[in-house]
Amino acid sequence: MICSQWYGVIPPIKEVRDQTGDWDAAGQTRVIAMVGGGLVRETLTNVDPPRSFSYTLTDIKGPLAPLVSLVEGQWSFAPAGTGTRVAWQWTLHPKSGVSAPLLPLFGRMWKGYARIVLEKLADQLVG
């Protein structure tokens, strides 16, 4: 699993459960459970093979719950020489005006986490 280690306050994924469908169409959902008890509901919002897929994270429980009401995520794939360039981005929506100033700090941490996850993915695909 590529999301299998702690990075700052970002916990590893423990399990994926309650998935609807084959995870290939908008509207399908699943619950992501993290080590330490955090949970999020992930919903596919757009699937555009082979270019991208987008999703939202809602019903956030755990360390992010006081800070974030919604996460919009996207994975995108583009030809790059003999390979594929993979990008992963998140847009965080603050839970309140009080939590909004903390999100840039979390965003910097998330970029480090995303870099490690993408490196693990590359190792699995190429290695």
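The values are calculated or read from the model by the stated rules, or taken from the named source; none is laboratory data. Keep in mind that this is a model prediction, so the values were computed, not measured. All Cβ positions, even for glycine, are placed from backbone atoms using ideal geometry, and neighbour counts span all protein chains on display.
Rundown of residues vs (1) touching a Pro at 6+ places or on another chain (Cβ under 6 Å); (2) at pLDDT 95 or above; (3) among the aliphatic types (A, V, I, L, M), yes/no style:
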{"site": "2", "(1), (2), (3)": "no, no, yes"}
{"site": "5", "(1), (2), (3)": "yes, no, no"}
{"site": "25", "(1), (2), (3)": "no, yes, yes"}
{"site": "31", "(1), (2), (3)": "no, yes, yes"}
{"site": "41", "(1), (2), (3)": "no, yes, no"}
{"site": "75", "(1), (2), (3)": "no, yes, no"}
{"site": "84", "(1), (2), (3)": "no, no, no"}
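Report yes if residue 103 is farther than 19 Å from residue 118 by Cβ, out of contact with any Phe, Trp or Tyr (no Cβ under 6 Å at 6 or more places or on another chain) and of a type in the set (A, V, I, L, M, F, W, C), otherwise no. Walk me through it before giving the result.
Values: farther than 19 Å from residue 118 by Cβ: yes; out of contact with any Phe, Trp or Tyr (no Cβ under 6 Å at 6 or more places or on another chain): yes; of a type in the set (A, V, I, L, M, F, W, C): yes.
Judged against the criteria, residue 103 is a match.
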Just to be sure before I move on: is residue 98 loosely packed, with under 11 Cβ neighbours inside 10 Å and at pLDDT below 90 in the structure I sent? no
Tabulated pairs, region 13-30, first surrounded by 13 or more Cβ atoms within 10 Å (Cβ to Cβ), second among the small types (Gly, Ala, Ser), C-beta under 6 angstrom, 6+ apart or interchain: 14/33; 28/21
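Give region 32-52 a look and list any residue that's closer than 21 Å to residue 121 by Cα and surrounded by 14 or more Cβ atoms within 10 Å (Cβ to Cβ), or say none.
Residues of region 32-52 that are closer than 21 Å to residue 121 by Cα, as a first pass: 32-35, 42, 44, 47-52.
The answer is 32, 33, 34, 35, 42, 44, 47, 52.
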Can you tell me which residues in region 117-127 are assigned to a helix (DSSP H, G or I) and either loosely packed, with under 14 Cβ neighbours inside 10 Å or among the small types (Gly, Ala, Ser) (or both)? 119, 122, 123, 124, 125, 126
